[in-house]
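The values are calculated or read from the model by the stated rules, or taken from the named source; none is laboratory data. From a predicted model like this one, the values you see are computed outputs, not experimental measurements. Virtual Cβ from ideal backbone geometry, glycine too; neighbours counted across all protein chains shown. Side chains included, ligands, DNA and RNA excluded: accessible areas come from the protein's heavy atoms. Shrake-Rupley method; radii C 1.70, N 1.55, O 1.52, S 1.80 Å.
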Amino acid sequence: MNTTILRKSVLGIAGLAFAGGVFAGPVTEAHAAPVDAKAVAVVQADKPGKGKLIPHGVQGKQSRITLGDEQTKNVKAIIAATKKSGMDERAAVVAIATSLQESKLENLGHLGERNDYDSQGLFQQRPSSGWGTVEQITDPEYSTKAFLKGLKQVDGWKDMPLTEAAQTVQVSAYPDHYAQWEQQAADLVAKHWNS
């Protein structure tokens, strides 16, 4: 484990214990280390909290896949595009979960007979439905920004379950399938938001 991440984790746990008054055992002067409240606040703000990433809890059984280098690169591209769009971590969770369902985070070209009409890219967007040209929708930044533009137009998207928000943008034949990716998407955003 990266020593910086380990140090931040330990400081975060120490800060929670200090702030909440919850200690695993008695603290004596010989073993107690001073806790800098400013450092704790930075550590806690450094990594998005679970409540911010999954504010409504997950729905149903969760799926998880192992990501390769290209998929991880696409996760980082979605996060970068979310930041450029001025949206928060929750928007990135919705976008990544949507891409996990649509393409398993693979930037898919036209799949011939196996294709759903002319759907392509990370979000399986269709040129014939006005999402953009093939070149645009197979560009991770463009396709993410297009998805997020649609998400911004959904009134109250932050107050609805992930699958409902994603479905409102995507109009999928399988609207409930987005929910299964929420935990992995949240874990990916927590891991890569600040990287």
- Message: If you take every residue apart from Glu70 with its C-beta less than 14 Å away from the C-beta of Glu70, what net charge results, scoring Lys and Arg +1 and Asp and Glu -1?
- Response: +1
- Query: Once phi is turned into θ = phi - 60°, what whole-Hz ³J(HN,Hα) does the Karplus curve with 6.51, -1.76 and 1.60 give for every residue of segment 70-77, x standing for Gly and Pro?
  - Reply: 5, 5, 5, 4, 5, 4, 5, 5
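Determine, from the Cβ-Cβ distance of Thr72 and Lys52 and an R0 of 30 Å, the FRET efficiency 1/(1 + (r/R0)^6), rounded to the nearest 0.05.
On the way: r = 22 Å, r/R0 = 0.73.
Rounded to the nearest 0.05, the efficiency is 0.85.
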- Message: With the alpha-carbon atoms as the only input, what is the per residue convex hull volume for segment 48-178 in Å³?
- Response: 111 Å³
- Dipole magnitude of segment 73-184 about its Cα centre, charges +1 at Lys/Arg Cβ and -1 at Asp/Glu Cβ only, in debye to the nearest 20? 360 debye
- Ranked highest first by the average count of other Cβ atoms within 10 Å around their residues, in what order do 61-68, 148-155, 135-142 fall? 135-142, 148-155, 61-68
- Query: Between Val154 and Asp176, what is the FRET efficiency for a Förster distance of 22 Å, r being their Cβ-Cβ separation, to the nearest 0.05?
  - Reply: 0.85
- Task: Please work out the Cα convex hull volume for segment 135-175 and give it in Å³ per residue.
- Result: 71 Å³
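Using the heavy atoms of the protein chains alone and a 1.4 angstrom probe, what is the accessible area of segment 89-195 per residue in square angstrom? Spell out each step's value before the answer.
Working: 4870 Å² over 107 residues.
Ligands and nucleic acids excluded, the figure is 45 Å² per residue.
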